[in-house]
Amino acid sequence: MSRAPKHPTLPQNDDAGQQAARNSQLAEARETYDWTVEVPTLPGVPLAKEVPAEDKPTIAWLFKVLDVALKIVENVIAVKLAGGDDPSEGGASARDRLGEISKSVESIRGKVDKSEDGGLLGKIAAVVGPHLGHHETLMGHITELQDMANTHRHTGSAGATLGDYDALFKAISLPRIASSFMEDDAFSMLRVAGPNPTLIRNIRALPENFPVSNAQYQATMGSADDLDAALADGRVFLQDYAELTVLAAGSWEGLPQFPYAPLALFAVPAAGESLHPVAIQCGQDPADHPIFTPSDDGAGAWGWQMARTTVQVADGNYHELFVHLARTHLVQEAFAVATHRQLATEHPLYALLRPHFEGTLFINNSAAGSLIASGGPIDSIFAGTIVTTQQAAAADRLAFDFYERMVPADLAKRGVGPDSKLANYPYRDDALSVWGAMRGWVEQYVGIYYPNGDSDVTGDTELAGWCTDVIENGLVKGFRPITAKEQLVDVLTMVMWTGSAQHAAVNFPQATYMSYAPAVTGSGWTASPTAQDGHSKPEWLEMMPPLSLAAEQLEVLTLLGSVYYRMLGDYRSNNWPYREWFRDPAVVDNALPRFQEALTEVEAEIDERNRHRRWEYTFLKPSLIPNSINI
């Protein structure tokens, strides 16, 4: 379907002939979009059996990916040259081949752009351009660039220094986190504004397996404070990585890898706003894992750095497997498949949701076949065996509770809402602003097509079928039939949020923070320390990944975290020449412009907040939120 219908209708408002046409279209769609729970790399997770042609990448998306991929390979070659090697491709310089690919991409881009120039040439290009082999050529370039990166990647490993990790960044700028990740302030910031900003929770009592003493608490927070008083006052917060205990330790090229499942305690001072680290236990059993406390110098300084590294390794796993893959990519696929199968293209909710699924089936299929497959980046960079890693991601997806994960409900459940003692929480504040703007847009949109309120909702047979498919085949926990207009607004907001803002919040920090392996990575390379005192910087560095894996991590996460395609509020067809998606005057003349204006206001709010933040938080700026999970 090239564009949304000009006048979408609910099925109960159509005549018999129109309803028959809808049913015929849906029957065909169900042949095209079918469920499977038998993808080997994601056992039991409902996914699309195949990726239909309509869901394959657009040429516009391929250009975005190639722009980043070219920069990555330029960086790979620059690192090799800095090390004294002159990489070649079948006898020719890799730099020359990279230049040839770049020229090819620009040539195709110029031909494609002619469609926007008007006149006869433009009209011809608009009609035939996508069918002249450009798509296949660009896909081939992506494959070749990937092969070049793999072939010429840095191969050093033993005895790495921080300078060696820094030197992996040549054509790509060294991330800011490289100069600050060893600071407690940066460590605390990552809990509330990093790749995994939704795990931190308020606690009123310590877990039984985390026996932090008042003396240990006061060693960090000062003798004027008290652990029991801070707990009662709501100023104590926990990050618990117990879910990672299911990972069995893997190995890479004969070297053992170490998954960690630590607990980390934080507190806000009585007159403060921000988290301070209080204690880390490097594993779940206190009998095996003593408690570490912050130390800037002296005997315990490097032990504290090692304890923080166990948290950062755990955070990398928790982020990538659960927060990113399971709770955005895989959850969104269930709604994408159900929407195609149950909502006719004439349905107003199909028109609303379809752009928020663009690219999702394709990128998920690619991830299942390569990223999280045996021999893929997750297998090498992350600590668990690939089988237990796959099982953990699948189990987390099936445990995702739809209503509990709505932003206001999630914040309340974790005790970190706007009224909590955690005043400095950039993700929360920006998320609530974007959620509010998005919900306002959905409320207006639903009001146009469901003017009679709840009765229109309960009379919508296609909506009822959609709910049943999500529950029975999509296996989305907690999902239930929709019986009220306000409930429908909340559900649609959550679906759109998951595929746009929530994914942006956890995807784009991959390039900003996770591309630098010493700051966040997926595996420890030595066992966690069993005592805080007596460690050295070389021992800490031994926990870091081999340089070849750090280079692979840089490349993969820079790509995943740098492709910005179709920003929130910019609704276009995914068919050439990408015309405006909505056509109903009630939408394009009123509701949509109001949403776009609301997003502009949110952008200004976030810019103002960032003026007062030590660490700028940009991941939920509307101008940096794609409409859909397309990378």
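For T58, the conditions (1) more than 20 Å from I631 (Cβ to Cβ); (2) under 32 Å from the mean Cα position of the chain (by Cα); (3) hydroxyl-bearing (S, T, Y) are fulfilled apart from (1). Listed conditions (1) among the aliphatic types (A, V, I, L, M); (2) over 25 Å from the mean Cα position of the chain (by Cα); (3) over 30 Å from S24 (Cβ atoms) are all met by L330, apart from (2). Q305 - would you say it is under 14 Å from H535 (Cβ atoms) and within 29 Å of the chain's Cα centre (by Cα)? Yes, satisfied.
Please specify each residue of the range 411-444 satisfying the condition of being part of a loop (DSSP other than H, G, I, E, B) and either under 18 Å from R191 (Cβ atoms) or of a type in the set (F, W, Y) (or both). It would help to see each step written out before you state the result.
Of the residues in the range 411-444, the ones part of a loop (DSSP other than H, G, I, E, B) are 415-425.
Those that are part of a loop (DSSP other than H, G, I, E, B) and either under 18 Å from R191 (Cβ atoms) or of a type in the set (F, W, Y) (or both): G415, V416, G417, P418, S420, K421, L422, A423, N424, Y425.
Within the range 321-333, identify whether any single residue is within 30 Å of K537 (Cα to Cα) and of a type outside the set (D, E), and answer yes or no. Yes: one or more hits. Residues of the range 256-284 that are over 18 Å from A314 (Cα atoms) and surrounded by 16 or more Cβ atoms within 10 Å (Cβ to Cβ): A267, V268, P269, S274, L275, H276. Scanning the range 276-298 for residues that are farther than 27 Å from P545 by Cβ and touching a residue at least 40 places away in the same chain (Cβ under 8 Å) yields H276, V278, P286.
Listed here are the residues, each with its yes/no results for (1) among the hydroxyl-bearing types (S, T, Y); (2) crowded, with 20+ Cβ neighbours inside 10 Å; (3) within 27 Å of V76 (Cα to Cα); (4) at pLDDT below 95.
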| site | (1), (2), (3), (4) |
| --- | --- |
| H503 | no, yes, no, no |
| A527 | no, no, no, no |
| Q532 | no, yes, no, no |
| M543 | no, yes, yes, no |
| L549 | no, yes, yes, no |
| G561 | no, yes, yes, no |
| R566 | no, yes, no, no |
| N574 | no, yes, no, yes |
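Note on the range 385-400: among residues that are out of contact with any Ser or Thr (no Cβ under 7 Å at 6 or more places or on another chain) and of a type in the set (A, V, I, L, M, F, W, C), the one that is surrounded by the most Cβ atoms within 10 Å (Cβ to Cβ) is A393. The set of residues in the range 590-601 being over 15 Å from G447 (Cβ atoms) and not hydroxyl-bearing (S, T, Y) consists of P593, Q596, E597, A598, L599, E601.
Assigned to a loop (DSSP other than H, G, I, E, B) and touching a strand residue (DSSP E or B) at 6+ places or on another chain (Cβ under 8 Å): is that true of P294 in this structure?
Working: assigned to a loop (DSSP other than H, G, I, E, B): yes; touching a strand residue (DSSP E or B) at 6+ places or on another chain (Cβ under 8 Å): yes.
Here the answer is yes, as P294 does meet what is asked.
Counting only residues that are part of a helix (DSSP H, G or I) and either β-branched (V, I, T) or within 21 Å of D226 (Cβ to Cβ) (or both), how many does the range 240-271 have? Explain how you work it out, then say what you get.
Looking only at the range 240-271, we keep the residues that are part of a helix (DSSP H, G or I), and these are 242-246.
Applying the additional criterion that residues be either β-branched (V, I, T) or within 21 Å of D226 (Cβ to Cβ) (or both) yields 245-246.
So the count comes out to 2.
Inside the range 404-429, residues that are of a type in the set (S, T, Y) and in contact with a strand residue (DSSP E or B) (Cβ under 9 Å, 6 or more places away or on another chain) make up a count of 1.
Scanning the range 6-22 turns up no residue that is of a type in the set (G, A, S) and touching a Lys or Arg at 6+ places or on another chain (Cβ under 8 Å). Criterion applied to A326, A299, A287 was being touching a His at 6+ places or on another chain (Cβ under 9 Å) and surrounded by fewer than 24 Cβ atoms within 10 Å (Cβ to Cβ), and the one residue passing it is A299. Does the range 27-48 hold any residues that are part of a loop (DSSP other than H, G, I, E, B) and among the aliphatic types (A, V, I, L, M), and which are they? V37, V39, L42, V45 - these are the residues of the range 27-48 that are part of a loop (DSSP other than H, G, I, E, B) and among the aliphatic types (A, V, I, L, M).
When each of K111, K71, K80, K64 is tested for being touching a His at 6+ places or on another chain (Cβ under 8 Å), assigned to a helix (DSSP H, G or I), charged (D, E, K, R) and in contact (Cβ under 8 Å) with a residue 24 or more places away in the chain, the lone residue that passes is K80.
Screening T458 on (1) in contact (Cβ under 8 Å) with a residue 24 or more places away in the chain; (2) closer than 24 Å to V407 by Cα shows it passes everything except condition (2).
The values are calculated or read from the model by the stated rules, or taken from the named source; none is laboratory data. Since this is a predicted model, take the numbers as computed values, not measurements. Heads up, the Cβs are rebuilt from the backbone with ideal geometry, glycines too, and the neighbour counts pull from every protein chain shown.
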